[in-house]
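Down below is the structure, laid out as structure tokens.
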Amino acid sequence: MSLRSICVFCGASPGAHPIYRHAAENLGRYLAEQGLRLVYGGGAVGLMGVVADAAMAAGGEVIGIIPQSLERAEIGHFGLTRLEVVDGMHARKARMAELSDAFIALPGGLGTLEELFEVWTWGQLGYHSKPLGLLDVNGFYGKLGEFLDHLVEERFVRSQHRAMLQLSESPTELLQALRNWQPSAAPKWVDRKPD
């Protein structure tokens, strides 16, 4: 799969450990070195600011999308290639998805998870055919991966839809997995039979 633009979901907080900051720096720099445009939530704080600053410092193109209501709270980043201010969260997510060929989640909180799961659901429903990935920094997403596998075992998620979400500790390996991913035409529902 040809990738030109990667959306990164991540926290407006730096997290509890410096390793999260280092991972965001490495990812931002790596995307720029690969000639990939970074699309993200437009904030200057937390891991959002770190990944954007690293990509910009490495000569990358960075587009931030921020809702007007969060421009102050997340401190809109005005040192980007472009910062777009939109009406709300739905417009933010739709615009980030429109501009991106794939999605990566760094560690983050509820907003990061909500963005990830919504765009994943859109893929499951056939609204897009774009891969997603979790950068598993310090085991951050390991237990989530186990739970998602449990959803497949319990027949609430098809294995083809679970495979849309790649997980790796390495930006290099994760990006390669996203490039190698092939969309599935499997319908959303596991089965329609009553118990």
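The values are calculated or read from the model by the stated rules, or taken from the named source; none is laboratory data. As the structure is a computational prediction, the values presented were derived from the model and not from experiment. Heads up, the Cβs are rebuilt from the backbone with ideal geometry, glycines too, and the neighbour counts pull from every protein chain shown.
Numbers below:
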quantity	calculated
All positions within region 15-44 that are over 22 Å from ILE66 (Cα atoms), small (Gly, Ala, Ser) and outside any helix (DSSP H, G or I)	ALA16, GLY35
Some residue of region 182-195 being surrounded by fewer than 16 Cβ atoms within 10 Å (Cβ to Cβ), basic (Lys, Arg) and either on the phi > 0 side of the Ramachandran plot or outside any loop (DSSP other than H, G, I, E, B) (or both)	no
Residue tally, condition of a type in the set (A, V, I, L, M, F, W, C), surrounded by fewer than 18 Cβ atoms within 10 Å (Cβ to Cβ) and either in contact with a strand residue (DSSP E or B) (Cβ under 9 Å, 6 or more places away or on another chain) or closer than 18 Å to SER170 by Cβ (or both), over region 1-53	2
Residue satisfying condition, being in contact with a helix residue (DSSP H, G or I) (Cβ under 6 Å, 6 or more places away or on another chain), modelled with pLDDT under 95 and either within 23 Å of ILE66 (Cβ to Cβ) or of a type in the set (Gly, Ala, Ser) (or both), within set SER129, SER159	SER159
Filtered residues of region 1-44 (kept if within 22 Å of PHE78 (Cα to Cα), modelled with pLDDT of 95 or more and among the hydrophobic types (A, V, I, L, M, F, W, C))	ILE6, CYS7, VAL8, PHE9, CYS10, ALA24, LEU27, LEU31, ALA32, LEU36, LEU38, VAL39
Total residues in region 135-158, condition over 20 Å from ARG37 (Cβ atoms) and touching a residue at least 40 places away in the same chain (Cβ under 8 Å)	3
Selection count where residues are crowded, with 21+ Cβ neighbours inside 10 Å and more than 19 Å from PRO18 (Cβ to Cβ), scope region 131-147	4
Residue selected from region 72-90 under the condition acidic (Asp, Glu) and more than 15 Å from GLY11 (Cα to Cα), by the criterion surrounded by the most Cβ atoms within 10 Å (Cβ to Cβ)	GLU84
Selected residue (only one of LEU116, LEU110 is at pLDDT 95 or above and either buried (at least 20 other Cβ atoms within 10 Å of the Cβ) or touching a strand residue (DSSP E or B) at 6+ places or on another chain (Cβ under 8 Å) (or both))	LEU116
Residue within region 163-170 that is under 30 Å from ALA57 (Cβ atoms), loosely packed, with under 14 Cβ neighbours inside 10 Å, out of contact with any Phe, Trp or Tyr (no Cβ under 8 Å at 6 or more places or on another chain) and among the charged types (D, E, K, R) present	no
Residue satisfying all of: in region 159-182; free of Cβ contacts under 8 Å to residues at least 60 places away in the same chain and in contact with a Ser or Thr (Cβ under 8 Å, 6 or more places away or on another chain); nearest to GLN34 (Cα to Cα) among these	ALA177
Filter result for the condition that a residue is closer than 22 Å to TYR20 by Cβ and either of a type in the set (Ser, Thr, Tyr) or in contact with a Ser or Thr (Cβ under 6 Å, 6 or more places away or on another chain) (or both), over THR81, THR112	THR112
Selection from region 46-93 of residues that are in contact (Cβ under 8 Å) with a residue 60 or more places away in the chain and touching a helix residue (DSSP H, G or I) at 6+ places or on another chain (Cβ under 6 Å)	LEU47
